[in-house]
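The values are calculated or read from the model by the stated rules, or taken from the named source; none is laboratory data. Owing to the predicted nature of the structure, the values given are computational and were not obtained by experimental measurement. Note that we place each Cβ from the backbone using ideal geometry, even for glycine, and neighbour counts take in every protein chain shown. These area figures cover heavy atoms from the full protein model, side chains too; ligands, DNA and RNA do not enter into them. Shrake-Rupley method; radii C 1.70, N 1.55, O 1.52, S 1.80 Å.
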2 protein chains.
Amino acid sequence: MGKVIAEMSMSLDGFITGPTDSAESLFAGVDRLHQWIYGLASWRAPHGLEGGETNADDEIMAESWQNTGAILMGHRMFEHGEEPWGDNPPFHVPVFVVTHHAREPLVKAGGTTFFFVTDGVASAMEQAKAAAGDKDVSVAGGANVIQQLLRAGLLDEIQLHLIPVLLGTGTRLFEDTGSDPIELECTRVVASANVTHLRFRAAT
Amino acid sequence: MGKVIAEMSMSLDGFITGPTDSAESLFAGVDRLHQWIYGLASWRAPHGLEGGETNADDEIMAESWQNTGAILMGHRMFEHGEEPWGDNPPFHVPVFVVTHHAREPLVKAGGTTFFFVTDGVASAMEQAKAAAGDKDVSVAGGANVIQQLLRAGLLDEIQLHLIPVLLGTGTRLFEDTGSDPIELECTRVVASANVTHLRFRAAT
């Protein structure tokens, strides 16, 4: 049985996107937070690109790709991504989208099929786990889905790629996790030039 | 010439205190975030206590104490602390309090004198730097003072002691740093069992 792991690039002040008042400013923040990733071999390969850097960051990314058997995401992330991801999205595994809008599964090239789940995040997680089998379910975001999973105790691990920038505004990853403290255990820290990879296990 | 360094224990979701609706809940959060520190030899010594642990966390703390020539803090931190710190506060260096209330310097035992600066944070910083000489000015908080210093470009470094807990509510360290991104450089990461020490230099 695999794990459920949420994995996000986050600014030091806790944001995972830029200001939400326009798609442009939102993506400017996202882009800044993912600068560390675009040059990596393990990011380029699933996007159909050759070459790239192989370093400590690349090992972290490669590990994630290798362990992922299914992906869970919120509907806004899907809506923002559907067009730029194109006909051969970079996931290459089943993707479960938590949404209010029922829709037939959307089969793409390269192993990515989007399934639209309308009966809540817990149901979507059950389906994603079944699809992942022995591999992990990777929660790709956004913040709202991760907060729901945290409150429901449905996350096993969180991996944050902490970026040394204060964005000042945007979408906070941990905005609404409830008023009871949630204790985590830091299980791994890998620091490189532009990012610190922090891995946490939910205390049980 | 020393550096200006802000040093805070912060939860993974960015809080440096518990909920602000009561002193009790506020301090419950502060207490959780400082659990890692109370057993250390380098924390006990300035509090007049013997013994304590000597480990990687202790080295980080000892380094801070050794390098600090003066402290700068906000008036709320002073007001909350004045009574519990007692007649021999744990600072043992001049402390500059940014406040609107003029007051004569308050001389305590053990080398701590509180100076009350009413003409703004930049002036307080000038005075703290002069008092620190070749040593560092340590900014002890709270969040508001650190945000003012960040916006004014008056911080050289930030050291965060990142605690693996989501507090959910409280005072955010980086709440109001302006809408322009502030780039930092991560210069050191030291991970131990209960805390990750992250040191940043302000990009210049």
For this session: Any chance you could run the full-extension gain for B:E24 through B:E79? It's 0.36 nm times the residue separation minus the Cα-Cα distance, nm to one decimal.
Result: 18.3 nm
Problem set entry | Accessible area per residue in Å² at 1.4 Å probe, computed on chain A | 45
For this session: Going by the rotation axis that takes chain B to chain A, pick out the residue of B with the closest C-beta and quote the gap in whole Å.
Result: B:G14, 2
Seminar exercise, completed: Taking the label point 7 Å from Cα along the Cα-Cβ vector, the copy-to-copy distances for B:L49, listed from shortest in nm with one decimal, are 5.3
Exercise. How many percent of the accessible area of the protein assembly as shown is carbon or sulfur, using a 1.4 Å probe?
Worked result: 50
Exercise. Separation of region A:127-204 and region B:21-67 by C-alpha centroid, Å?
Worked result: 27
Problem set entry | Cubic angstrom per residue, convex hull over Cα atoms of region A:82-126 | 72
For this session: Can you give me the P(r) profile for region B:29-102? Cα pairs, bins 5 angstrom wide beginning at 0, each as a whole percent.
Result: 3, 14, 20, 26, 22, 10, 4, 1, 0
Exercise. If you take the accessible area of B alone, add that of A alone, and subtract the area of the pair, what total do you get in Å², probe 1.4 Å, to the nearest 100?
Worked result: 2500
Exercise. Label-to-label distances across copies for A:H100, with labels 7 Å out along Cα→Cβ, in nm, shortest first?
Worked result: 4.4
Seminar exercise, completed: Expressed in angstrom, Rg and Dmax over the Cα atoms of region A:114-184 are 13.8, 40
Seminar exercise, completed: Helix-only [θ] at 222 nm, chain B, -39500 (n - 2.57) per DSSP H run of 4+, per residue, nearest 500, equals -8500 deg cm²/dmol
Seminar exercise, completed: In Å³ per residue, the alpha-carbon convex hull of region B:1-46 encloses 123
Seminar exercise, completed: Honestly chain B on the Cα gyration tensor test (a ≥ b ≥ c root eigenvalues; a/c under 1.5 rounded, otherwise a/b vs b/c for prolate or oblate) is just rounded
